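Here's the structure, in structure tokens; my notes come after.
Bear in mind that the values in this text are calculations on the coordinates, not laboratory data. Because the structure is predicted, anything quoted here is derived from the model rather than measured. Positions of Cβ are backbone-derived with ideal geometry, glycine not excepted, and every protein chain shown enters the neighbour counts.
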Amino acid sequence: MLELFRHILHLDFEWLFQNFGTAVYFILFLVIFIETGLVIMPFLPGDSLLFTAGLFAKLGYLNMAYLVILLMVAAIVGDNVNYWIGRKIGLKVLHLKFRGKPLVKQEYLDKTHSFYEKYGTKTIIMARFVPIVRTFAPFAAGIAEMNYRKFFSFDVLGGALWICSLTFAGFFLGHFDWIKTHIEMVALAIIFISVLPIIIEVIKAKSNKSK
């Protein structure tokens, strides 16, 4: 199991195909589901995994139609599980009291709820493209008790955009020899581009404070 985990982190698809064959579809489904569905596992590869999967579909290892549909289901189901974990379990934990006082003030929960009702749709879609944030966003939406119909509809849209954009990017760029021989470098570049919005926001926040 640890060896499998190590090869997944290193995006070693050739090893996965050699050892698991068509079961690779199930492994990819599980990785995307866990990365989006379990708030304690935000470090699994997401963007780079999708890009590499698309690349290997171009090389004939995977069926692109099956891959896209399967991973879209994994991403959407994962987010919805995460939402309900936040709504059912997260809220109960936050309402616990320590020495007669709540762990989190009700006003903070109310503010979070108001934020997600106002900006939640944008957050749910954009969070899909930011590592770690995409794992916590549906959980936070659940804690905020964001309207579920609104959450679900925009989560489906965000999930479709995320899966399709990155897998098809890998598929259409898969014929470039340089990309095929430098998959790890491409994966690092995708991760950097994904976290770039966070870096920009942090720099902006620091510059505003210094003024």
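In this label model, PHE43 and GLU117 are separated by 3.8 nm, measuring between points 7 Å along each Cα→Cβ vector. The calculated FRET efficiency for the pair PHE26 and ALA189, based on their C-beta separation and a Förster distance of 30 Å, comes to about 0.60. The chymotrypsin sites (Phe, Trp or Tyr not before Pro) of the stretch 1-43 that meet both conditions, a loop assignment by DSSP and at most 12 other Cβ atoms within 10 Å of the site Cβ, are PHE43. As I understand it, the dipole of the stretch 1-99 uses +1 on the Cβ of Lys and Arg and -1 on the Cβ of Asp and Glu, about the Cα centre. Which of ILE27, ASN82, LEU50 lies farthest toward its positive end? Going by the Cα projections, it comes out as ASN82. Extension gain for the segment ARG149 to SER165, taken as residue separation times 0.36 nm less the Cα-Cα distance, is 3.3 nm to one decimal. Note on the stretch 1-60: Cα Rg divided by 2.2 N^0.38 Å, N the number of residues, gives 1.07. Each of VAL156, VAL81 has some number of other Cβ atoms within 10 Å of its Cβ, and from fewest to most they run VAL156, VAL81. Maximal additional length on extending the GLN18-SER207 stretch stands at 63.0 nm, based on 0.36 nm per residue less the C-alpha distance. Which residues in the stretch 26-46 have a backbone N closer than 17 Å to a point placed 7 Å from the Cα of LYS92 along the Cα-to-Cβ line? Inside the label zone: 39.
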